[in-house]
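Engineer: Just dropping this structure here.
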Amino acid sequence: MPAKPTSAMVLAAGLGLRMRPITAKIPKPLVQVAGKTLLDHVLDKVAETGVEQTVVNIHYLPDQIIRHLAGRKHPRIVISDERDEILGTGGGVVKALPLLGDAPFYHLNADTLWIDGVRPNLLRLAETFDPARMDMLMLMAPTATSIGYDGRGDYTMATDGTLHKRKESQIAPFVYAGAAIISPKLFAGAPRGEFGLPDLFATAEAAGRLYGLRLEGTWMHVGTPDAIGAAERAMLASVA
């Protein structure tokens, strides 16, 4: 079985425009859901896996995030400071690669939120990831049971886990849940500067090396202020 990732990256540099007016004064990763920031929800899940070090990138209202993370011991936090540049989701990872090492790493959006099933989904990702076949293994949420999501889905998934991007006229049964394991090899030849990570999703798909794992539990899309209440109700119900 491949070794479990020992490093992770959490994307926390976004502007959070859809979460306005809340994010006019605080960055989206520090928005609270059920008494805990979105960022802490993610980092707590990372800590459960035993990850030693997590890179958090920052751009918008960066000092607030730095102060918030200052007392965090597990996982150990390393800041990738992008306050003076716009790198996008792809360029941000390229900048952080020297901090992440040569082995596959967890990659998470700071605003992804889910309730695990019987076993933690991040551990399930680690058990499933096969670097011989995969450049990226994405956690995929079924659109039909996700909370706060009303889109048309992102991917179809074959029985062997390979992913295929939804065509524009299609409705797909799965949406990317904002958590994955990525091999640094995916970034070989990647551009410098600003670009979006979905460009590399497409590269991996074309090579037959983009895979998905169905999320067990409940995924919550907290994209707007209205979605916070729905997520909190779901979390409350899960512990009732």
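Engineer: When the residues of the range 122-149 are narrowed to those that are of a type in the set (D, E, K, R) and in a loop (DSSP other than H, G, I, E, B), which ends up surrounded by the most Cβ atoms within 10 Å (Cβ to Cβ)?
Structural biologist: Among those residues, the one meeting the criterion is 135.
Engineer: Right, another one. With among the basic types (Lys, Arg), over 30 Å from residue 133 (Cα atoms) and outside any helix (DSSP H, G or I) as the only criterion, which of 67, 72, 18 stands out? Step through it out loud before you land on a result.
Structural biologist: Values: 67 fails: outside any helix (DSSP H, G or I); 18 fails: outside any helix (DSSP H, G or I).
The match here is 72.
Engineer: Report, ordered by the first and then the second residue, all pairs with beta carbons closer than 9 Å, sequence separation of six or more or different chains, a first member in the range 42-67 that is over 18 Å from residue 181 (Cβ atoms), and a second member that is buried (at least 22 other Cβ atoms within 10 Å of the Cβ) and among the charged types (D, E, K, R).
Structural biologist: Sorted first by the residue in the range 42-67, then by its partner, the pairs are 60/28.
Engineer: Continuing with the same structure: Considering each of 118, 175 in turn, give the residue that is under 12 Å from residue 215 (Cα atoms) and in a loop (DSSP other than H, G, I, E, B).
Structural biologist: Going through 118, 175 in turn, just one is under 12 Å from residue 215 (Cα atoms) and in a loop (DSSP other than H, G, I, E, B): 118.
Engineer: Cβ contacts < 6 Å: first residue farther than 15 Å from residue 110 by Cα, restricted to the range 3-19; second residue not hydrophobic (A, V, I, L, M, F, W, C), any location; separation 6+ or different chain. Result?
Structural biologist: Listed by first residue and then by second, the contacts come to 5/104; 5/106; 6/52; 7/53; 7/101.
Engineer: For the range 76-84, state whether one or more residues are small (Gly, Ala, Ser), touching a helix residue (DSSP H, G or I) at 6+ places or on another chain (Cβ under 7 Å) and either closer than 25 Å to residue 227 by Cα or part of a helix (DSSP H, G or I) (or both).
Structural biologist: No, the range 76-84 has no match at all.
Engineer: Among what's in the range 38-83 and is surrounded by 15 or more Cβ atoms within 10 Å (Cβ to Cβ) and acidic (Asp, Glu), pick the residue that is farthest from residue 123 (Cα to Cα).
Structural biologist: So, considering only residues that are surrounded by 15 or more Cβ atoms within 10 Å (Cβ to Cβ) and acidic (Asp, Glu), the one farthest from residue 123 (Cα to Cα) is 82.
Engineer: I'd like to know if the range 181-197 contains one or more residues that are of a type in the set (D, E, K, R), in contact (Cβ under 8 Å) with a residue 24 or more places away in the chain, crowded, with 18+ Cβ neighbours inside 10 Å and not in a loop (DSSP other than H, G, I, E, B).
Structural biologist: no
Engineer: Whether any residue in the range 91-99 is over 22 Å from residue 51 (Cβ atoms), buried (at least 21 other Cβ atoms within 10 Å of the Cβ) and at pLDDT below 95 is what I want to check.
Structural biologist: The answer is yes, given that some residue of the range 91-99 is over 22 Å from residue 51 (Cβ atoms), buried (at least 21 other Cβ atoms within 10 Å of the Cβ) and at pLDDT below 95.
The values are calculated or read from the model by the stated rules, or taken from the named source; none is laboratory data. Note that the structure is predicted; figures quoted are calculated from it, not measured. Positions of Cβ are backbone-derived with ideal geometry, glycine not excepted, and every protein chain shown enters the neighbour counts.
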